[in-house]
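Please read the structure below before turning to the comments.
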Amino acid sequence: MPMRAPEEHAAADPSKDYCHHCAHEDGRMKSYEEVLTGFTGFLQHTQGLRDDVARQTATHMLAKQPAWSNR
């Protein structure tokens, strides 16, 4: 996700190169599985996607983010 404001970075720290959705409150990065599971649930809830479609979509979208591009 593009981060335009400090609060969009992990722990509101602009030196972190990953967003608050991929971090714990203290700024530590979540595991890939934690983020994938959360994003899958978000897509199911907000877009009404089936579990398999939501997970595939989340996997594809996360692969475009720098923190997860090696997945």
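For n ≥ 4 DSSP H runs only, could you compute -39500 (n - 2.57) per run for the chain, divide by its residues and tell me the 222 nm figure to the nearest 500?
Computed ellipticity for the chain at 222 nm equals -12500 deg cm²/dmol.
Using Cα atoms only, what is the angle between the long axis of helix 32-47 and the major principal axis of the chain, expressed in degrees (0 to 90) to the nearest 10?
Between the helix axis and the principal axis of the chain, the angle is about 60 degrees.
Provide the net charge surrounding ALA11, with neighbours chosen by a C-beta distance below 10 Å and charges set as Lys +1, Arg +1, Asp -1, Glu -1. Let's see the in-between values first.
Details: positive: LYS16, ARG28; negative: GLU7, ASP13, GLU25, ASP26.
Net local charge, ALA11 excluded: -2.
Based only on Cα atoms, what Rg/Rh ratio does the chain have, Rh being taken as Kirkwood's radius?
Numbers: Rg = 12.4 Å, Rh = 12.5 Å.
Reported Rg/Rh (Cα atoms, Kirkwood Rh): 0.99.
In nm, give the distance between the simple-model label positions of HIS24 and HIS45, each being 7 Å from the Cα along the Cα-to-Cβ direction.
A separation of 2.1 nm, rounded to one decimal place.
Do any GluC sites (Glu not before Pro) in the range 23-66 lie in a DSSP loop with no more than 10 other beta carbon atoms within 10 Å, and if so, which?
Details: sites: GLU25, GLU33, GLU34; in loops: GLU25.
Of the GluC sites (Glu not before Pro), the ones in loops of the range 23-66 whose Cβ has at most 10 other Cβ atoms within 10 Å are GLU25.
So if each residue of separation counts as 0.36 nm, and I subtract the Cα-Cα distance between ASN70 and ALA11, what length gain in nm does that give? Don't skip to the answer; put the middle values down first.
On the way: separation 59, 0.36 × 59 = 21.24 nm, distance 2.33 nm.
Gain on extension, ASN70 to ALA11, equals 18.9 nm.
Values in this text are rule-based calculations from the coordinates and carry no lab data. Keep in mind that this is a model prediction, so the values were computed, not measured. Neighbour counts run over all protein chains shown; Cβ positions are idealised from the backbone, glycine included.
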